[in-house]
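These notes are about the structure you will find just below.
The values are calculated or read from the model by the stated rules, or taken from the named source; none is laboratory data. None of the values given here were measured: they were computed from a predicted structure. Here the Cβ positions follow ideal geometry from the backbone for every residue, glycine too, while neighbour counts run over all protein chains shown.
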């Protein structure tokens, strides 16, 4: 809904009113006094509005069962009257500006199960009796100024499954009732002043529900059992005082942080049961022993921090098998021996092996300036040549001279001869070096891909430190001006690839062949590879120069580059579209397709007009032909952007780029960096949790794009980004689908340019708006729902359709007069012949779709019945629809068909029919179709009678991949119309009230 203004006083005359739902609107002013004094009111939902002022202190509406006035701008204190509502079960006041203390009487409520007061300015302590007199299940009071100890009886009734109190000033020991609180699932106590021994029973295997424990930055002490409960997925105890040996991690563990404690002993050697772990941080402890040789089984490990311990022995060779490893810190230990050669297989963004006792040659892939600070204070390390790291000696074979075999005279002669030889060698070396320098310039081979106006010498002469502009994982980048300025010289970017010396002939040919393919690419949104200059020592890739640098600089380093203000939304959207076009070309117009494998903001470059181009395809690999059962041997990518399956060495395809592009979209929209997930693993996980738990709100957006004119589009792009970063590759759309959706947003944005104001359809900052039922395929982190989701409307068996009425009148008349034709989708439809269908079309108002349920497709002959109907309607050319069966398996084509039908046809029954067909065949429709259909369905429903609305909802419920998301999209679109048209399909909680109910809000959020 989109209700504005204030709540009218006239509503107070509804004496029998027991449900008032005005949520997710734009209602302003103070909450009227009569609401808090209505004797029969039981359900009050006013969340996600713009209410201000204080809550009425004289409360006499004591029959209230559920109160949700969250996500507003309420001030003042929490009234004592809330403590008199003996039937109250839910109290949601979060995302307001409430201050003062929580009334002690709230702790005496006998039925209170869920209290959420987070993100306010509350002070004082929690009610001392909280949890002792009611089946309290969920407590969320984070981000306040609360202090004192947690109530002693918090889990007295053994119903508590979530405690979220982080970012306060709580202190003291944890309540004894938590000792044996077996239903507990989530415990988030971080950033407080808790102390004392952590309840050992919470580590017990009996506590099989507990999955998330985040208690970092407190003063807890205690020890661990030998093994943690199997259900643990995230454990963060950093910056406490835990001691004793490290436990064996749980099989589901993904994140284990225990930095800066007093843990001792050795790292457990049996790592085979924790192959899911992605981050381990044990730095700053007292761990001894050696590193497990079985560490190579941690195939999904991305980050490992073990610095500041007493670990000794050699570095095991198993690290070479962890191809997804991104950050590794083993510094400040007692490691010895050589660095394994398998480190050449790794592509690390961060490496620190300093302050150990390592010896031998540094692996060749690490002998470059990107790792210059990674090996400090290891006196026994050396490098292969003087062109490598400058602070290390060159490795030489030392001959052991037996001094007993030589006398003093021989030693003296040897010394004199050595001096003579040394002088001769220096002179000869200088001559050879000068000669070699001249030969090197002659030995460079230039392979052009465009018409060039410069030579190899022009480029080589510009490779000096003053022209250096940056380094990446693949090499150093220089800005070089080549050619005569008076005759058309130009600026270019020159990338010098790391570690290309001493490669064999096969690798040399493979590299040049791949560069040749990339050099032949011609696309507006891909940075031009002008030429390649190669020799036996190095490889240079010369690209066109992009004046405005990278998107990463404009989003995250504006102060460094001296940018006065952030990018506006139209510019960000255009950059996203340009980047999508480049990737779409590589995926869908190259044969075989090319996967970038390192899509990130730093690889999206901007020209002088801020048009974006994809850069750095130097790490890309040509995809194998379909059917080749192989995987790529090399892993590229950057932490925060890498798709989950990429680090597991599964077969790589274009969907890893879709994931990375989704992260880029999240950066564009939120302003966060890719590895900034807050309490979560990365930005993508943070976005999924925000979308799942709180929906869409302005708070998600970067401050630079909160202009009301563009907020709605920005939030829809956020939704697209969330779907692009789905955990399963099959759930992600193709880049072609993504591009089509972004272009739709761009067209809409272009249409509204020039308007002075476009009222936003979302709430102001702090107001979560989208309260859709959770998609079961979305990851479940908090799992706060205790009741099942309402089931979508669906046929009782695979061979049945639900009946629906469709108005054959024009859209403007559909709601004003009775329908003149009906679309009856009945079980007998598959038995109707074309002739029967045609005759019924011409003689009756009932249409039977010629559907062959057994074959899950339309027979060619039976399709004639529908072509007659379409022809009779005279809305579209039936020839355009003749091949509908052939496009059902092609998501993009189906999307285009629905779009074209909608554009050229005002016959909404036809559009509804196409939606039925797609749903009926269980076609795995892409997420792009769902997002796009949101707009089409929205318009369709607005011009359809209630019965057609119900029919469309039934069809959408058949989308097997996204049933709840599909239902949520429609419920959000039609609001109360669907509720009033078919009350029998309402969730149980909504239809249990038989008296008056005023429900003008958005979709109901799920209750616990």
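How many residues does the range 128-157 hold that are on the phi > 0 side of the Ramachandran plot and part of a loop (DSSP other than H, G, I, E, B)?
Number of matching residues: 2.
How about the range 541-562: which of its residues are farther than 16 Å from residue 667 by Cβ and either part of a loop (DSSP other than H, G, I, E, B) or at pLDDT below 85 (or both)?
Hits for the range 541-562 are 545, 546, 547, 548, 559, 560, 561, 562.
Filter the range 696-711 for residues that are part of a helix (DSSP H, G or I) and under 16 Å from the mean Cα position of the chain (by Cα) and give the result. Can you show your working first?
If we filter the range 696-711 for residues that are part of a helix (DSSP H, G or I), which is where we start, we get 698-700, 703-705, 711.
Once the filter is applied, which keeps residues that are part of a helix (DSSP H, G or I) and under 16 Å from the mean Cα position of the chain (by Cα), the range 696-711 yields only 700.
Out of the range 724-738, which residues are under 17 Å from residue 579 (Cβ atoms) and in a helix (DSSP H, G or I)?
Passing the criteria: 724, 735, 736, 737, 738.
Mind listing whichever residues of the range 256-276 are surrounded by fewer than 22 Cβ atoms within 10 Å (Cβ to Cβ) and either under 28 Å from the mean Cα position of the chain (by Cα) or over 24 Å from residue 220 (Cα atoms) (or both)?
257, 259, 269, 270, 271, 272, 273, 275, 276
Please go through the range 98-130 and pick out each residue that is closer than 17 Å to residue 184 by Cβ and touching a helix residue (DSSP H, G or I) at 6+ places or on another chain (Cβ under 7 Å).
Once the filter is applied, which keeps residues that are closer than 17 Å to residue 184 by Cβ and touching a helix residue (DSSP H, G or I) at 6+ places or on another chain (Cβ under 7 Å), the range 98-130 yields only 130.
Filter the range 277-325 down to residues that are outside any loop (DSSP other than H, G, I, E, B), more than 26 Å from residue 640 (Cα to Cα) and touching a strand residue (DSSP E or B) at 6+ places or on another chain (Cβ under 8 Å), then give me how many there are.
5
With respect to the numbered conditions (1) at pLDDT below 90; (2) within 19 Å of residue 573 (Cα to Cα), which one is the sole condition not fulfilled by residue 680?
With respect to (1) at pLDDT below 90; (2) within 19 Å of residue 573 (Cα to Cα), residue 680 is out only on (2).
Quick check: is even one residue across the range 311-322 over 35 Å from the mean Cα position of the chain (by Cα) and crowded, with 17+ Cβ neighbours inside 10 Å?
Yes, the range 311-322 contains a residue that is over 35 Å from the mean Cα position of the chain (by Cα) and crowded, with 17+ Cβ neighbours inside 10 Å.
Give the residue that is surrounded by the most Cβ atoms within 10 Å (Cβ to Cβ), with candidates limited to residues of the range 216-227 that are within 19 Å of residue 277 (Cβ to Cβ) and in contact with a strand residue (DSSP E or B) (Cβ under 7 Å, 6 or more places away or on another chain).
216
Out of (1) surrounded by 21 or more Cβ atoms within 10 Å (Cβ to Cβ); (2) within 31 Å of the chain's Cα centre (by Cα); (3) modelled with pLDDT of 85 or more; (4) not assigned by TED's automatic domain parsing to the domain that holds residue 142, what's the single condition that is false for residue 174?
(2)
Within the range 518-527, can one find any residue that is more than 22 Å from residue 739 (Cβ to Cβ), in contact (Cβ under 8 Å) with a residue 40 or more places away in the chain and either touching a helix residue (DSSP H, G or I) at 6+ places or on another chain (Cβ under 9 Å) or not assigned by TED's automatic domain parsing to the domain that holds residue 673 (or both)?
yes
Please list, ordered by residue number, the strands (runs of 3 or more DSSP E) wholly in the range 329-441 having 3 or more residues that are in contact with a strand residue (DSSP E or B) (Cβ under 9 Å, 6 or more places away or on another chain), surrounded by fewer than 18 Cβ atoms within 10 Å (Cβ to Cβ) and modelled with pLDDT of 80 or more.
Details: elements: 334-338, 350-352, 357-361, 380-382.
Those strands (runs of 3 or more DSSP E) span 334-338, 357-361.
Only one of these conditions is not met by residue 566: (1) at pLDDT below 90; (2) in a helix (DSSP H, G or I); (3) closer than 17 Å to residue 670 by Cα. Which number is it?
(2)
Let me spell it out: the conditions are (1) part of a loop (DSSP other than H, G, I, E, B); (2) buried (at least 19 other Cβ atoms within 10 Å of the Cβ), and residue 252 meets all of them except one. Which number is the exception?
Tallying (1) part of a loop (DSSP other than H, G, I, E, B); (2) buried (at least 19 other Cβ atoms within 10 Å of the Cβ), residue 252 fails exactly one: (2).
Looking only at the range 453-468, count how many residues are modelled with pLDDT under 80 and closer than 30 Å to residue 553 by Cα.
Initially, the range 453-468 is screened for residues modelled with pLDDT under 80, giving 453, 465-466.
After this cut, where a residue has to be closer than 30 Å to residue 553 by Cα as well, the list is 465-466.
Result for the range 453-468: 2.
Yes or no, residue by residue, for (1) over 30 Å from the mean Cα position of the chain (by Cα); (2) not assigned by TED's automatic domain parsing to the domain that holds residue 90:
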residue	(1), (2)
128	yes, no
133	yes, no
159	yes, no
180	yes, yes
209	no, yes
212	no, yes
226	yes, yes
237	no, yes
